[in-house]
Structures are given as structure tokens and as C-alpha cells.
Amino acid sequence: MIEDELALFDKSINEFWNKFKSSVSDTSCQMVGLRDTYKDSIKACAEKLSVKLKEEERMVEMFLEYQNQICRQNNVIQEKKDNLLRLIARIKDKKQELEVLTSNIQDLKEEYAKKKETISAANKANEERLKRLQKSADLYKDRLGLEIRKIYGDKLQFIFTNIDPKHPENPFMFSLHLNEAREYEVSDSSPHLECLTEFQENVRKTNNFSAFLANVRKAFTAMVYN
């Protein structure tokens, strides 16, 4: 009886052990499968994460490149803006210069018109003066035998004739010009007159040129008769 019970117990233990071994074996297989599945999942996840990281890196690179392009474009725009501002400033300066130039031209036109009027009036006065001088020259030539010529160095040469009764055609002459002080200066008398310097001083003081000419003619005439 006891032996039967021991045999039954031993059988029960063996069955339990076999079942336990079978259960442990199945569990081990399941663990290995789970481990392999986990490894595959981790690998797949790592690959996906790597792809995602690469995509994000490309996105970051694209974003940085886009930022650089925007920065370059902003620099170009700023440079063009600066150039435009400088151009506008130059145009304003040119406009001001043009206004000043136009004003100066207008002033010059007005000044030219005034000078033209002054010159016209002076020309008319000179024409009248020339007419009077011509009449005086004709009178001097007819009555005094005096001829006036313009020679070198802005000098005037005064030539008297009809002084020597024996040789009325013989010339008696002197030269005259205005010096830097705008005073009469007499020179080159032929024949030489000692009193010419005195006559020069008198005409400077009195500005009576007709009396000066009359005195010179009288001096030449006195020289002939003496």
C-alpha cells in the first residue's frame, strides 16, 4: 500500500516535473521570440529615427540656406536702397546746382543787358565825340595846318604845317599819350622844343588842350623866325 502510494507520488512528481520543464521550455522560447521581436523593433525604430534625423538635418540645412539667401537678398536690397538714396541726394544737389546756375544765368543776362545798354550809350557818345573831334581835326587842319595821326604805343602824333613861310610843307611835330596816372605826357618833338615840358605841366593843371596846341604852334613859329 505504501509502495503503491510512493509509486503514485513519484509518478505525480515526474509528471509535474515534465510539465514544469515543458512550461519552462515554452516560456524560454517565448522569451527568445520576444527578445528577437524587441531587437527587430528597436532596429526598425532606430532606422526610422535615423531617417527622420537625416530628414530633419536636411530641413535644418535647407532652413539655414534659406536664411542665408534671405540675408544676401536683404544685403542686396539694402545696397540698392543706399545707392538709390545716394542717387536721390545727387539729383537734389544737381537740382540745387541747376537752380543756382539758372539764377546766375539770369543775373548774367540782366547784367549783360545793362552793360549792353551802357555800351550802346557809350558808343553813341563816342560817335558824337568822334564827330566833334573830326570837326575839330578838320578845323585844325584847315586853319592851323594840324594833322593828328595814331602811331605805335597808343600815341598820337601832332603834325603842324604852314609854319615856315619859305617851306610851308615842312612838318613840325610832337607825340602825346596818357601815362599810367592818366595824365598827358609829351615826347618826340621835332624840332626839339625846350619849353615843351612847361606846356605839359600847364595842360595837366588846366586841362585846356586847345591852349596847349596853340602854345606849341606859337613855339614852333617863334623858332622859325628866330
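The values are calculated or read from the model by the stated rules, or taken from the named source; none is laboratory data. Keep in mind the model is a prediction, meaning the values are calculated, not measured. Virtual Cβ from ideal backbone geometry, glycine too; neighbours counted across all protein chains shown. These area figures cover heavy atoms from the full protein model, side chains too; ligands, DNA and RNA do not enter into them. Shrake-Rupley method; radii C 1.70, N 1.55, O 1.52, S 1.80 Å.
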Next on the checklist: Restricting to region 145-173, name every residue that is within 58 Å of the chain's Cα centre (by Cα) and among the aromatic types (Phe, Trp, Tyr).
Outcome noted: Tyr152, Phe158
Checklist entry - How many residues, within region 92-132, are at pLDDT below 75 and open to solvent by 80 Å² or more (accessible area, probe 1.4 Å)? => result 6
Checklist entry - Does Asp154 qualify as being touching a residue at least 12 places away in the same chain (Cβ under 8 Å), out of contact with any His (no Cβ under 8 Å at 6 or more places or on another chain) and not polar (S, T, N, Q)? => result no
Item to check | Cβ pairs under 7 Å, 6+ apart, first in region 167-193 and under 14 Å from Val203 (Cα atoms), second surrounded by fewer than 12 Cβ atoms within 10 Å (Cβ to Cβ) and at pLDDT below 90 | outcome: His177/Gly153; His177/Asp154; Glu185/Asn179
Checklist entry - In region 165-196, what count of residues is obtained for those that are at pLDDT below 90, touching a strand residue (DSSP E or B) at 6+ places or on another chain (Cβ under 9 Å) and part of a loop (DSSP other than H, G, I, E, B)? => result 1
Next on the checklist: Given the condition open to solvent by less than 40 Å² (accessible area, probe 1.4 Å), modelled with pLDDT of 90 or more and assigned by the TED database to the domain that holds Lys218, answer yes or no: does some residue in region 133-155 qualify?
Outcome noted: no
